[in-house]
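The block underneath contains the structure these notes are about, expressed in C-alpha coordinates.
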Amino acid sequence: MSKTLKIALLSLVALSLVFVWVGRNSGKADEEKVVIYTNGDEEATAAMETSLKDAGYEGKYVLQSLGTSELGGKLLAEGDEIEADVVTMSSYFIESAQEQHSMFKDLSFSTKALENNPAYYTPILANTGSIFVNTEVLKQKGLPMPTSIKDLTKPEYKGFVSIPNILDSSTGWLLVQAIINQYGDAEGKKVLHDLIANSGPHLESSGSGPINKVQAGEVAAGFGLRYQAVMAKESGLPIKFVDPAEGNFSYTESVAVVNKDNEAKTNLAMKMAETISKDAREELLKHYPVALYEGEKVTEKNKPAHPMKFKQPLTVELLKQHQEFFKSAQ
(Lines give C-alpha, C1' and ligand atoms only; values in the text may rest on other atoms or scores of the structure.)
Protein backbone atom coordinates (compact mmCIF):
# COMPACT_ATOMS: atom_id res chain seq x y z
CA MET A 1 0.00 0.00 0.00
CA SER A 2 1.46 3.38 -0.99
CA LYS A 3 2.15 6.09 1.56
CA THR A 4 -0.38 8.38 -0.11
CA LEU A 5 -3.13 5.75 0.11
CA LYS A 6 -2.33 5.11 3.80
CA ILE A 7 -2.65 8.81 4.55
CA ALA A 8 -5.94 8.98 2.67
CA LEU A 9 -7.36 5.98 4.58
CA LEU A 10 -6.24 7.37 7.93
CA SER A 11 -7.85 10.70 7.05
CA LEU A 12 -11.13 8.97 6.23
CA VAL A 13 -11.07 7.05 9.51
CA ALA A 14 -10.36 10.22 11.47
CA LEU A 15 -13.13 12.07 9.66
CA SER A 16 -15.64 9.29 10.35
CA LEU A 17 -14.76 9.36 14.04
CA VAL A 18 -15.40 13.11 14.07
CA PHE A 19 -18.83 12.56 12.49
CA VAL A 20 -19.66 9.87 15.07
CA TRP A 21 -18.57 12.16 17.93
CA VAL A 22 -20.55 15.11 16.54
CA GLY A 23 -23.59 12.92 15.90
CA ARG A 24 -23.58 11.51 19.43
CA ASN A 25 -23.18 14.92 21.01
CA SER A 26 -25.82 16.42 18.74
CA GLY A 27 -28.23 13.66 19.74
CA LYS A 28 -27.44 14.30 23.39
CA ALA A 29 -28.09 18.03 22.91
CA ASP A 30 -31.42 17.29 21.25
CA GLU A 31 -32.40 15.07 24.18
CA GLU A 32 -31.91 18.01 26.53
CA LYS A 33 -34.24 20.26 24.53
CA VAL A 34 -37.77 20.74 25.83
CA VAL A 35 -40.29 19.24 23.41
CA ILE A 36 -43.48 21.28 22.96
CA TYR A 37 -46.54 19.79 21.24
CA THR A 38 -49.28 22.22 20.20
CA ASN A 39 -52.54 22.18 18.31
CA GLY A 40 -52.33 25.97 17.94
CA ASP A 41 -52.72 27.56 14.54
CA GLU A 42 -50.12 29.75 12.85
CA GLU A 43 -50.84 32.93 14.84
CA ALA A 44 -50.77 31.12 18.18
CA THR A 45 -47.56 29.26 17.37
CA ALA A 46 -45.84 32.47 16.26
CA ALA A 47 -46.83 34.26 19.49
CA MET A 48 -45.53 31.40 21.63
CA GLU A 49 -42.22 31.20 19.76
CA THR A 50 -41.69 34.96 20.01
CA SER A 51 -42.24 34.88 23.78
CA LEU A 52 -39.77 31.99 24.18
CA LYS A 53 -37.16 33.68 22.00
CA ASP A 54 -37.46 36.97 23.89
CA ALA A 55 -37.05 35.08 27.18
CA GLY A 56 -33.77 33.57 25.98
CA TYR A 57 -34.98 30.04 25.24
CA GLU A 58 -34.09 29.97 21.55
CA GLY A 59 -32.33 26.69 20.72
CA LYS A 60 -33.51 25.11 23.97
CA TYR A 61 -36.79 23.68 22.72
CA VAL A 62 -38.40 21.92 19.78
CA LEU A 63 -41.97 22.88 18.88
CA GLN A 64 -44.16 20.51 16.87
CA SER A 65 -47.62 21.41 15.55
CA LEU A 66 -50.26 18.69 15.40
CA GLY A 67 -53.97 18.67 14.59
CA THR A 68 -56.37 18.62 17.52
CA SER A 69 -57.55 15.07 16.83
CA GLU A 70 -54.00 13.77 16.31
CA LEU A 71 -52.59 15.39 19.43
CA GLY A 72 -55.65 14.42 21.47
CA GLY A 73 -55.24 10.84 20.35
CA LYS A 74 -51.58 10.82 21.41
CA LEU A 75 -52.39 12.27 24.83
CA LEU A 76 -55.06 9.67 25.53
CA ALA A 77 -53.07 6.75 24.13
CA GLU A 78 -49.57 7.54 25.45
CA GLY A 79 -50.08 9.41 28.72
CA ASP A 80 -46.81 10.50 30.34
CA GLU A 81 -44.90 8.29 27.86
CA ILE A 82 -45.58 10.97 25.24
CA GLU A 83 -42.45 12.63 23.87
CA ALA A 84 -43.69 16.11 24.76
CA ASP A 85 -42.62 17.94 27.91
CA VAL A 86 -45.05 20.82 27.37
CA VAL A 87 -48.46 20.65 25.72
CA THR A 88 -50.70 23.47 24.53
CA MET A 89 -54.05 22.00 23.67
CA SER A 90 -57.84 22.34 23.91
CA SER A 91 -58.55 22.38 27.65
CA TYR A 92 -61.13 19.60 27.49
CA PHE A 93 -58.53 17.23 26.01
CA ILE A 94 -56.02 18.13 28.74
CA GLU A 95 -58.63 17.45 31.41
CA SER A 96 -59.60 14.09 29.92
CA ALA A 97 -55.94 13.05 29.55
CA GLN A 98 -55.27 13.99 33.17
CA GLU A 99 -58.29 12.06 34.38
CA GLN A 100 -57.16 8.98 32.46
CA HIS A 101 -53.40 9.11 33.08
CA SER A 102 -52.61 11.69 35.84
CA MET A 103 -49.87 12.80 33.47
CA PHE A 104 -49.53 16.52 34.17
CA LYS A 105 -47.59 18.24 36.92
CA ASP A 106 -49.25 20.96 38.99
CA LEU A 107 -48.06 24.36 37.82
CA SER A 108 -45.42 25.91 40.07
CA PHE A 109 -46.31 29.48 39.09
CA SER A 110 -49.37 31.50 39.97
CA THR A 111 -51.78 33.09 37.52
CA LYS A 112 -54.58 35.59 37.87
CA ALA A 113 -57.11 33.87 35.66
CA LEU A 114 -60.64 35.24 35.65
CA GLU A 115 -62.03 31.74 36.12
CA ASN A 116 -60.93 28.89 38.35
CA ASN A 117 -58.90 26.25 36.52
CA PRO A 118 -57.35 22.95 37.63
CA ALA A 119 -53.91 23.27 39.21
CA TYR A 120 -52.22 21.52 36.28
CA TYR A 121 -53.07 23.94 33.45
CA THR A 122 -53.72 27.56 32.67
CA PRO A 123 -55.45 28.94 29.56
CA ILE A 124 -53.48 30.74 26.86
CA LEU A 125 -56.28 31.63 24.43
CA ALA A 126 -60.02 31.29 23.83
CA ASN A 127 -62.09 30.89 20.71
CA THR A 128 -65.69 32.06 20.30
CA GLY A 129 -68.17 31.06 17.61
CA SER A 130 -70.43 33.27 15.51
CA ILE A 131 -72.17 33.59 12.17
CA PHE A 132 -70.57 35.75 9.48
CA VAL A 133 -71.84 36.88 6.09
CA ASN A 134 -70.59 38.34 2.84
CA THR A 135 -72.84 41.40 2.50
CA GLU A 136 -72.28 41.68 -1.26
CA VAL A 137 -73.28 38.05 -1.90
CA LEU A 138 -76.35 38.48 0.34
CA LYS A 139 -77.39 41.44 -1.76
CA GLN A 140 -76.69 39.69 -5.08
CA LYS A 141 -78.72 36.63 -4.07
CA GLY A 142 -81.50 38.62 -2.40
CA LEU A 143 -80.99 36.81 0.90
CA PRO A 144 -82.14 38.24 4.26
CA MET A 145 -79.59 38.99 6.98
CA PRO A 146 -79.60 36.02 9.39
CA THR A 147 -79.93 36.58 13.10
CA SER A 148 -79.74 32.95 14.22
CA ILE A 149 -78.25 29.62 13.23
CA LYS A 150 -81.76 28.40 12.54
CA ASP A 151 -82.19 31.14 9.92
CA LEU A 152 -79.48 29.43 7.88
CA THR A 153 -81.71 26.34 7.54
CA LYS A 154 -84.30 28.22 5.46
CA PRO A 155 -84.76 26.96 1.89
CA GLU A 156 -83.42 30.17 0.32
CA TYR A 157 -80.01 29.52 1.91
CA LYS A 158 -79.55 26.13 0.25
CA GLY A 159 -76.09 25.99 -1.31
CA PHE A 160 -75.09 29.35 0.19
CA VAL A 161 -73.97 28.21 3.66
CA SER A 162 -70.65 26.82 4.90
CA ILE A 163 -70.14 25.21 8.32
CA PRO A 164 -67.30 23.26 10.00
CA ASN A 165 -67.65 19.51 10.50
CA ILE A 166 -67.48 18.57 14.18
CA LEU A 167 -65.93 15.23 13.16
CA ASP A 168 -62.83 17.10 12.01
CA SER A 169 -62.90 20.51 13.66
CA SER A 170 -63.32 21.69 17.25
CA THR A 171 -64.88 24.86 15.81
CA GLY A 172 -67.74 22.67 14.66
CA TRP A 173 -68.36 21.77 18.29
CA LEU A 174 -69.23 25.41 19.07
CA LEU A 175 -71.98 25.17 16.46
CA VAL A 176 -73.39 21.91 17.81
CA GLN A 177 -73.30 23.17 21.40
CA ALA A 178 -75.37 26.21 20.41
CA ILE A 179 -77.96 24.08 18.61
CA ILE A 180 -78.37 21.47 21.36
CA ASN A 181 -78.44 24.07 24.12
CA GLN A 182 -81.18 26.11 22.40
CA TYR A 183 -83.33 23.43 20.78
CA GLY A 184 -82.68 20.20 22.67
CA ASP A 185 -82.12 16.80 21.07
CA ALA A 186 -85.25 16.32 18.96
CA GLU A 187 -85.69 19.78 17.42
CA GLY A 188 -81.92 20.29 17.47
CA LYS A 189 -81.40 17.24 15.29
CA LYS A 190 -83.84 18.61 12.71
CA VAL A 191 -82.18 22.04 12.76
CA LEU A 192 -78.76 20.43 12.30
CA HIS A 193 -80.05 18.13 9.53
CA ASP A 194 -81.44 21.07 7.58
CA LEU A 195 -78.26 23.08 8.14
CA ILE A 196 -76.06 20.24 6.87
CA ALA A 197 -78.36 19.83 3.86
CA ASN A 198 -78.13 23.55 3.06
CA SER A 199 -74.34 23.39 3.33
CA GLY A 200 -74.03 20.56 0.82
CA PRO A 201 -70.45 20.58 -0.54
CA HIS A 202 -69.52 23.41 1.83
CA LEU A 203 -69.28 21.22 4.95
CA GLU A 204 -65.65 21.93 5.87
CA SER A 205 -63.04 19.81 7.63
CA SER A 206 -61.18 22.93 8.76
CA GLY A 207 -62.46 25.54 11.17
CA SER A 208 -61.13 28.23 8.80
CA GLY A 209 -62.91 26.71 5.80
CA PRO A 210 -66.20 28.63 6.19
CA ILE A 211 -64.62 32.09 6.60
CA ASN A 212 -62.41 31.43 3.58
CA LYS A 213 -65.44 30.56 1.44
CA VAL A 214 -67.43 33.54 2.72
CA GLN A 215 -64.51 35.86 1.99
CA ALA A 216 -64.12 34.41 -1.51
CA GLY A 217 -67.84 34.89 -2.20
CA GLU A 218 -68.40 31.17 -2.79
CA VAL A 219 -71.16 31.24 -0.16
CA ALA A 220 -73.18 33.99 1.47
CA ALA A 221 -72.96 32.92 5.11
CA GLY A 222 -70.99 30.66 7.38
CA PHE A 223 -70.29 29.69 10.96
CA GLY A 224 -66.85 29.81 12.53
CA LEU A 225 -64.54 31.75 14.82
CA ARG A 226 -65.75 35.24 15.58
CA TYR A 227 -62.35 36.92 15.59
CA GLN A 228 -61.71 35.80 12.00
CA ALA A 229 -64.77 37.70 10.83
CA VAL A 230 -63.78 40.77 12.85
CA MET A 231 -60.33 40.75 11.23
CA ALA A 232 -61.79 40.22 7.75
CA LYS A 233 -64.13 43.18 8.19
CA GLU A 234 -61.32 45.40 9.45
CA SER A 235 -59.22 44.51 6.42
CA GLY A 236 -61.88 46.09 4.21
CA LEU A 237 -63.67 42.96 3.01
CA PRO A 238 -67.50 43.01 2.77
CA ILE A 239 -67.82 40.78 5.84
CA LYS A 240 -70.20 41.23 8.74
CA PHE A 241 -70.21 39.12 11.90
CA VAL A 242 -73.53 38.17 13.45
CA ASP A 243 -73.83 36.97 17.04
CA PRO A 244 -76.49 34.26 16.79
CA ALA A 245 -79.58 34.27 18.98
CA GLU A 246 -78.60 30.75 20.13
CA GLY A 247 -75.49 32.22 21.79
CA ASN A 248 -71.75 32.61 21.30
CA PHE A 249 -70.15 29.49 22.77
CA SER A 250 -66.44 29.32 23.53
CA TYR A 251 -63.64 26.93 24.41
CA THR A 252 -60.14 27.56 25.71
CA GLU A 253 -56.74 26.19 24.81
CA SER A 254 -54.32 25.79 27.70
CA VAL A 255 -50.70 24.98 28.52
CA ALA A 256 -49.69 22.04 30.73
CA VAL A 257 -46.41 20.38 31.73
CA VAL A 258 -45.99 16.61 31.47
CA ASN A 259 -44.71 15.02 34.69
CA LYS A 260 -41.43 13.36 33.66
CA ASP A 261 -38.59 11.74 35.63
CA ASN A 262 -36.00 14.25 34.38
CA GLU A 263 -36.38 16.91 37.09
CA ALA A 264 -34.03 19.46 35.51
CA LYS A 265 -35.77 19.24 32.15
CA THR A 266 -39.22 19.36 33.76
CA ASN A 267 -38.23 22.50 35.66
CA LEU A 268 -37.11 24.12 32.40
CA ALA A 269 -40.38 23.03 30.79
CA MET A 270 -42.27 24.67 33.66
CA LYS A 271 -40.43 27.96 33.09
CA MET A 272 -41.29 27.83 29.39
CA ALA A 273 -44.94 27.13 30.19
CA GLU A 274 -44.98 30.19 32.44
CA THR A 275 -43.41 32.29 29.68
CA ILE A 276 -46.04 31.17 27.17
CA SER A 277 -48.92 31.81 29.58
CA LYS A 278 -47.74 35.29 30.54
CA ASP A 279 -45.44 36.81 27.91
CA ALA A 280 -47.34 35.56 24.84
CA ARG A 281 -50.70 36.93 26.00
CA GLU A 282 -50.27 40.44 24.57
CA GLU A 283 -49.77 39.06 21.08
CA LEU A 284 -52.36 36.30 21.51
CA LEU A 285 -55.00 38.85 22.51
CA LYS A 286 -54.62 40.53 19.11
CA HIS A 287 -55.70 37.34 17.35
CA TYR A 288 -57.91 35.76 20.01
CA PRO A 289 -59.52 38.77 21.70
CA VAL A 290 -61.08 37.09 24.74
CA ALA A 291 -59.99 38.30 28.20
CA LEU A 292 -58.72 35.42 30.35
CA TYR A 293 -56.73 37.18 33.07
CA GLU A 294 -57.19 40.08 35.44
CA GLY A 295 -56.40 43.43 33.85
CA GLU A 296 -56.94 42.28 30.27
CA LYS A 297 -59.29 44.32 28.13
CA VAL A 298 -60.74 43.80 24.69
CA THR A 299 -62.45 46.32 22.43
CA GLU A 300 -66.23 46.48 22.13
CA LYS A 301 -66.20 44.94 18.66
CA ASN A 302 -64.51 41.86 20.09
CA LYS A 303 -67.13 41.31 22.80
CA PRO A 304 -69.80 38.81 21.69
CA ALA A 305 -73.38 39.92 22.25
CA HIS A 306 -74.56 36.56 23.60
CA PRO A 307 -71.71 34.79 25.47
CA MET A 308 -72.82 31.35 26.60
CA LYS A 309 -71.47 28.23 28.30
CA PHE A 310 -72.73 24.74 27.65
CA LYS A 311 -74.72 23.25 30.52
CA GLN A 312 -72.28 20.34 30.94
CA PRO A 313 -68.48 20.51 31.38
CA LEU A 314 -66.64 20.05 28.08
CA THR A 315 -64.93 16.64 27.96
CA VAL A 316 -63.74 14.27 25.28
CA GLU A 317 -66.65 11.99 26.20
CA LEU A 318 -69.14 14.82 25.63
CA LEU A 319 -67.45 15.64 22.33
CA LYS A 320 -67.92 12.04 21.19
CA GLN A 321 -71.61 12.20 22.15
CA HIS A 322 -72.06 15.37 20.12
CA GLN A 323 -70.18 13.87 17.18
CA GLU A 324 -72.63 10.96 17.21
CA PHE A 325 -75.47 13.47 17.39
CA PHE A 326 -74.03 15.19 14.32
CA LYS A 327 -73.69 11.93 12.39
CA SER A 328 -77.26 10.92 13.23
CA ALA A 329 -78.49 14.27 11.88
CA GLN A 330 -76.82 13.90 8.49
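The values are calculated or read from the model by the stated rules, or taken from the named source; none is laboratory data. Computed from a predicted model, the values in this text were never measured in an experiment. Virtual Cβ from ideal backbone geometry, glycine too; neighbours counted across all protein chains shown. Note: areas computed on protein heavy atoms with side chains; ligands, DNA, RNA excluded. Shrake-Rupley method; radii C 1.70, N 1.55, O 1.52, S 1.80 Å.
Here are the numbers for this structure:
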item	result
Normalised per residue, the volume of the convex hull around the Cα set of the chain (Å³)	190
Candidates per chymotrypsin sites (Phe, Trp or Tyr not before Pro) in the range 219-283, loop by DSSP, up to 14 other Cβ within 10 Å	none
Over 19 Å (Cα to Cα) - which of LYS139/LYS286; LYS141/LYS190; LYS105/LYS260 fall in this group	LYS139/LYS286; LYS141/LYS190
Positive-pole candidate from TYR37, THR135, ALA221, dipole of the chain, charges at beta carbon	THR135
Straight-distance crosslink candidates among aspartates and glutamates, where the alpha carbon sits under 12 Å from LYS158 and sequence neighbours closer than 8 are dropped	ASP194
Loop-resident sites, the range 39-90, for GluC sites (Glu not before Pro), counting at most 15 other Cβ within 10 Å (DSSP)	GLU58, GLU83
Degrees separating the helix 316-329 axis from the principal Cα axis of the chain, which is the longest one	50
Largest-first ordering by accessible area, 1.4 Å probe, given options MET231, MET48	MET231, MET48
Within the chain, longest stretch free of exposed trypsin sites (Lys or Arg not before Pro) [DSSP loop, at most 10 other beta carbons within 10 Å]	1-296
Other-chain or far-sequence residues with amide H under 5 Å of ASN248's (modelled H)	HIS306, MET308
Pairwise label distance in nanometres, GLU296 with GLU115, each label 7 Å out on the Cα-Cβ vector	1.1
Surrounding net charge for PHE249, when Lys and Arg each add one and Asp and Glu each subtract one, Cβ distance under 14 Å	+1
Coil-residue GluC sites (Glu not before Pro) of the range 238-330, DSSP, other Cβ within 10 Å capped at 15	GLU294, GLU296
Solvent-accessible surface ranking, highest first, for HIS322, HIS193, HIS287, HIS101 at 1.4 angstrom	HIS193, HIS101, HIS287, HIS322
Positive-end residue, the chain charge dipole about Cα centroid, Cβ charges, pick of PRO123, GLY172, PHE93	GLY172
J(HN,Hα) series, the range 267-277, from Karplus relation 6.51 cos²θ - 1.76 cosθ + 1.60, nearest Hz, glycine and proline x	5, 5, 4, 5, 5, 5, 4, 5, 4, 4, 6
Long pairs among LYS74/LYS320; LYS74/LYS311; LYS74/LYS309; LYS213/LYS233, criterion Cα-Cα beyond 23 Å	LYS74/LYS311; LYS74/LYS309
Positive-end extreme of charge dipole, the range 276-330 - chosen from SER277, PHE326, PRO307 (charges on Cβ)	PHE326
Estimated [θ] at 222 nm from DSSP helical runs (n ≥ 4, -39500 (n - 2.57)) normalised by residues in the chain, nearest 500	-15500 deg cm²/dmol
Proximal aspartates and glutamates to LYS297, defined as alpha-carbon separation beneath 17 angstrom and excluding residues fewer than eight positions away on the same chain	GLU115, ASP279, GLU282, GLU283
Euclidean distance of C-alpha centroids, the range 299-329 and the range 47-121, integer Å	22
